[in-house]
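Notes to accompany the following structure.
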Amino acid sequence: QVVNYAPFTLFPSAVPGALFEQAYAVQQDFNLLVDAISQNKEFLERTLASTIRVDDFTARLFKIYTQVLEEGLAQAVFLGINRSDYMFDRGVDGTPALKQIEINTIAASFGGLTSRTLAVHRHVLKALGKSEEASHLLPNNPSEGLALGIAKAWELYGSQSAVVMFLVEEVQRNIFDQRCIENELWNRNIRVIRKRDVFEKGSLDDARRLYMDGQEVAVVYYREGYVPKNYDSQNWEARLLLERSKAVKCPDIATQLAGTKKVQQELSRPGTLERLLPGHAESVARIRATFAGLYSLEEGDKMAATAIADPDWFVLKPQREGGGNNLYGEELRQVLEKIKDSPERTSYILMDKIKPQPSKNYLLRAHSPLKVSECISELGIFGVYVRQGKEMVMNKSAGHLLRTKAVEHADGGVAAGVAVLDTPYLV
């Protein structure tokens, strides 16, 4: 076990100011949308029907979701922490446009470490004699914003002695990112425990209150549970126990399902946003303006044939979170050739490949040579919302994350060892 520094860029990267503001302006709309999807059983059932038939992981999550709904929800307070990720697409005329890559509704990470990245870049600019430029970097503290949401959910749960439980993996490379949020909670006198052995130590009382090691749990904050390898038969049992409990889950299973790629593709269909957010025409317009082209592989072979003929214009995405899963170029062509006539194709979505304008920077990573790289960046905006019953108690953006990687890497984030932490310099 070695402590290592998180990788980062030497300099902040230029980001178009208008697109940065657009990403912030639409975040509360996305919060409303995710929450609306999580409460719409009919929409989730219809949208995920084909995926459930071929993707065992989504099917098992969905089975727990329906089981808990049939029993009746014990949970009354709902907490969403999501991160909407964008790239800056270079249009035909060279004007950049904001295009959403995905929205992460479970274990959206780097809110903690990116809260510290700003100070690094301010220092670098000052050391270069660029104090004026250093003063232009915007304040950013997602760890405080995310903790505010968790604290609000804890308060509404209504038990001073109850704890917040961070659900974590056995070996946690990203522990310091989590500690930033944890320390914000301790500073508010909210007790935090870090656990993974829910099957052995977790139990429910008659009122379906959740206990771990005899301590009542008010909020369960997932920092794992988004990939199949996080689950064995005991962990599936534990997930059911957590979902049945009164504790505030961040996310509850419905919100995790709302973040699937298949849902993202369904949202791009004409009329879907209007049905999910009736009476919110302006929100719908702001959300739709960020969509890239998304295509289903269920409807005939035309899209698959187009992508096979010209794979460099597309990305093939499986129903997986955590980065490093997407397929490009020749690999995309081979997989599509293999699955184009099988039911398995319904577990993928096809998306237009975004073509951003590269810039130059140095990527500082342990044991890597220092050299100037052609880079592209991805902007994430953190969103937090808390709903009690039907009433939205909190809905806000909570800070931003800029990740930058060398152009030769098609896919993968910081956790996948490809991207590094960055700070936007608005131009």
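Backbone geometry of segment 17-33 corresponds, through the Karplus equation with coefficients 6.51, -1.76 and 1.60 at θ = phi - 60°, to 3J(HN,Hα) couplings of x, 5, 6, 4, 5, 4, 5, 5, 5, 9, 5, 5, 5, 5, 4, 4, 5 Hz, x marking Gly and Pro. The amide H of Met394, built 1.01 Å from its N in the peptide plane, has Val386 as neighbours under 5 Å, considering only residues 5 or more places off or on other chains. Projecting the Cα atoms of Gly91, Val124, Ile193 onto the dipole axis of segment 83-214, where Lys and Arg carry +1 and Asp and Glu carry -1 at the beta carbon, places Val124 farthest toward the positive end. On a per residue basis, the chain carries 43 Å² of accessible surface, using protein heavy atoms and a 1.4 Å probe. Look at the alpha carbon pairs under 8 Å that are at least 6 residues apart: their mean separation over the length of the chain gives a relative contact order of 28 percent. With N as its number of residues, segment 267-382 has a Cα radius of gyration that, divided by 2.2 N^0.38 Å, comes to 1.33.
Treating only the Cβ of Lys, Arg, Asp and Glu as charged (+1, +1, -1, -1), what charge dipole size does segment 130-268 show about its Cα centre? Round to the nearest 20 debye.
Dipole size: approximately 120 debye.
The equivalent ellipsoid of segment 314-387 has semi-axes of 30, 21, 13 Å, largest first, where each one is the square root of 5 times an eigenvalue of the Cα gyration tensor. For segment 1-41, the share of accessible area belonging to carbon and sulfur comes to 58 percent (1.4 Å probe, ligands and nucleic acids excluded). For segment 134-226, the extents of the C-alpha atoms along the principal axes are 56, 31, 20 Å, listed from largest to smallest. Relative contact order of segment 324-397: 15 percent, from C-alpha pairs under 8 Å at least 6 residues apart in sequence. Along the axis of the charge dipole computed for the chain (Cβ charges of +1 for Lys and Arg, -1 for Asp and Glu, origin at the Cα centre), the listed residues Val220, Ser368, Val386 are led at the positive end by Ser368. If you compute Kirkwood radius over Cα pairs in Å for the structure shown, which of [x] 23.5; [y] 21.6; [z] 22.3 do you land on? Given [x] 23.5; [y] 21.6; [z] 22.3, the calculated one carries the label [z].
Rounded to the nearest Hz, the phi-derived 3J(HN,Hα) couplings of segment 231-237 under the Karplus curve 6.51 cos²θ - 1.76 cosθ + 1.60 (θ = phi - 60°) are 10, 10, 4, 5, 5, 5, 4, where x marks glycine and proline.
Each Lys and Arg adds +1 at its Cβ and each Asp and Glu adds -1 at its Cβ; summed about the Cα centre, segment 1-114 shows a dipole of about 200 debye. Pairwise Cα separations in segment 17-142 fall into 5 Å bins from 0 onward with the following percentages, short to long: 2, 7, 11, 15, 16, 13, 12, 9, 5, 4, 3, 1, 0.
Give the Debye-formula value of log10 I(q)/I(0) at each listed q (0.11, 0.16, 0.19 Å⁻¹), with one equal scatterer per alpha carbon of segment 186-271, two decimals each. Log10 of I(q)/I(0), two decimals: -0.38, -0.70, -0.90. Put a dot 7 Å past the Cα of Thr66, heading toward its Cβ, do the same for Asp341, and the two dots end up 3.1 nm apart. For a test of the definition: using alpha carbon positions, the gyration tensor, and the 1.5 limit on a/c, classify segment 1-70 as rounded, prolate or oblate. Oblate shape, in that a/c is at least 1.5 and b/c is the bigger or equal ratio. Considering only Gly112, Met303, Val315, the residue lying farthest towards the positive end of the dipole of the chain is Gly112, judged by Cα position with unit charges set on Cβ.
Overall, the accessible surface of segment 116-184 at a probe of 1.4 angstrom is composed of carbon and sulfur to the extent of 51 percent.
Return the subset of Lys99/Lys261; Lys99/Lys126; Lys317/Lys338; Lys152/Lys261; Lys152/Lys229 for which the Cα-Cα distance in this structure is over 23 Å, preserving the input order. Pairs exceeding the cut-off: Lys99/Lys126; Lys152/Lys261; Lys152/Lys229. Placing +1 on the Cβ of every Lys and Arg and -1 on the Cβ of every Asp and Glu, with no other charges, gives the chain a dipole of roughly 680 debye about its Cα centre. Taking every DSSP bridge with both residues inside the chain, close to 75 percent are antiparallel. In the context of the full protein assembly, Tyr425 retains an accessible surface of approximately 50 Å², using a probe radius of 1.4 Å and ignoring ligands and nucleic acids.
The values are calculated or read from the model by the stated rules, or taken from the named source; none is laboratory data. Since we're looking at a predicted model, the values are computed, not measured. Cβ coordinates were reconstructed from backbone atoms using ideal geometry, including for glycine residues, and neighbour counts include every protein chain displayed. Keep in mind that these areas ignore ligands, DNA and RNA; they rest on the heavy atoms of the full protein, side chains included. Shrake-Rupley method; radii C 1.70, N 1.55, O 1.52, S 1.80 Å.
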